[in-house]
C-alpha cells in the first residue's frame, strides 16, 4: 500500500529556481552522499540506523526562513546534486564553475532531503552567518558562469 500526501499553500515570497545571474554562488545544506547507500539497503530488505535521513528527516525551514532575503534561488536535492544543478543551469541559461571537487558518488546521489541554494557573492557572509545561527551546515561549491554545464550522472529517479 502506498500513501501519497500533497500540500498546497501560498507564500508571499517564494524561493524559485530562476533569477540566477553570472557570479552568483551555489551551495547545499547538510551532508550529501549517504542516501543512495541507505536506499539500496532498504530496497534489499535491510535495516538502517535510527538517525538515517529516511527515519529522522531534518528539514531546513528555519534556515530558509532566516535567509530568504539573501537567497536568489533554491530547490530540494531530489535527483542528485549534479542533476538538480543541471536543471537550475538550464532554466537560467548559465554555466557552472566548480570551486571544490565533489566525487560523482556524492554528486549523483539522490533523495537527499537537503537544499540547493544560489545567492549573490556579496551576501556570502550573511548567508553563512544565518546558517551558523540555525545550526545548518552550508557548503559553497560552485559559481554561475557563462561556461556550459554538462551533467555526467545517469538519469535516475528512485
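Throughout, read-outs are computed from the coordinates displayed, never taken from laboratory work. Keep in mind it's a predicted model, so treat the numbers as computed, not measured. A quick note on method: Cβ atoms are made from the backbone with ideal geometry, for glycine too, and the neighbour counts reach across all protein chains shown.
Kirkwood Rh, the stretch 91-158, all Cα pairs: how many Å?
So the Kirkwood estimate lands at 14.1 Å.
How big is the Cα convex hull of the chain in projection, averaged over all directions, in nm²?
Answer in nm², one decimal: 10.3.
Which residue, 85, 59, 32, tops the fluctuation ranking in a GNM of the chain built on C-alpha contacts under 10 Å?
Looking only at 85, 59, 32, the biggest GNM fluctuation is shown by 59.
Based only on the alpha carbon positions, what is the Kirkwood hydrodynamic radius of the stretch 63-104, in angstrom?
In the stretch 63-104 this quantity evaluates to 12.0 Å.
Nearest 0.05, what FRET efficiency do residue 8 and residue 100 give at R0 = 41 Å with Cβ-Cβ as r?
0.65
For every helix of n ≥ 4 consecutive DSSP H residues, a contribution of -39,500 (n - 2.57) applies; sum these over the chain, divide by its total residues, and give [θ] at 222 nm rounded to the nearest 500 deg cm²/dmol.
Mean residue ellipticity, 222 nm, calculated: -7500 deg cm²/dmol.
How do the peptides 18-31, 68-81, 97-110 rank, highest first, by the average count of neighbouring beta carbon atoms within 10 Å per residue?
Per-residue Cβ counts within 10 Å, averaged per peptide and sorted highest first, yield 68-81, 18-31, 97-110.
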